[in-house]
Amino acid sequence: MANTQIANPAPLGLAAFGLTTIMLSSANAGLWGGAGLGAAVATALFYGGITQLLAGMWEFMRGSTFGATAFSSFGAFWLVLWYGITSKSFGPGSLGVFLMCFGVATFVLWVAAIKIDIHHNLLFLALTITFAFLAYGNWGAMGHSGAVKAGGWAGLVTAVIALYIAAKTLINDSWNRVILP
């Protein structure tokens, strides 16, 4: 049984994930001359990383194993990505391996999300597809720019779904009834 004495951290975690993902995915998709990359790197540490990690810990307190695992994992994802980019520690192909491993973890979350609702199902399916494109696109020393671009567009779809779920949860909770399905 969920502890309802603690506010629902899901809208915060989903907003942190969605906004940071929009920034990075826009750069991967080739939008805005790649300006989203700088915004994403700066945002990845605090909003994508720390905020989601906190949301994950609050999900533990609420008794949500899925929310705790998803938010904590993706908080850690953004923190590692921030560190890997800022320290230049990702060598040739290592970013592809990192993305592939998170793709596998995301696939497992997708299988669990199928039971939650259609929106979470679509979110984790889209994210699994995003990771597949990005892992392939960053594989090896040369990479595959077309796959990175496709991953960027898939990431934008993923981010919109995450932001919709955040808005739906926040708005429906605030109005104490279903406004957004």
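Quick notes
- Residue, surrounded by the fewest Cβ atoms within 10 Å (Cβ to Cβ), within the stretch 98-108, restricted to residues that are without any contact (Cβ under 8 Å) to a residue 12 or more places away in the chain and aliphatic (A, V, I, L, M): VAL104
- Test for TRP78: is it part of a helix (DSSP H, G or I), touching a Ser or Thr at 6+ places or on another chain (Cβ under 7 Å) and either in contact (Cβ under 8 Å) with a residue 12 or more places away in the chain or of a type in the set (Val, Ile, Thr) (or both): yes
- The stretch 31-71, subset among the aromatic types (Phe, Trp, Tyr) and touching a residue at least 24 places away in the same chain (Cβ under 8 Å), residue nearest to PHE102 (Cα to Cα): PHE71
- The condition of being over 12 Å from the mean Cα position of the chain (by Cα) and crowded, with 19+ Cβ neighbours inside 10 Å holds for only one of ALA29, ALA70, that being ALA29.
- Exactly one residue out of TYR164, TYR136 is modelled with pLDDT of 95 or more, within 19 Å of SER94 (Cα to Cα) and not acidic (Asp, Glu), and it is TYR136.
- Meets criteria (closer than 26 Å to ALA167 by Cα, part of a helix (DSSP H, G or I) and out of contact with any Leu (no Cβ under 9 Å at 6 or more places or on another chain)) for ALA126: yes
- Test for HIS120: is it without any contact (Cβ under 8 Å) to a residue 60 or more places away in the chain and closer than 19 Å to ALA162 by Cβ: yes
The values are calculated or read from the model by the stated rules, or taken from the named source; none is laboratory data. All figures in this text were calculated on a predicted structure; none of them were measured in a lab. FYI the Cβ positions are ideal-geometry reconstructions off the backbone, even for glycines, and counts take in every protein chain you see.
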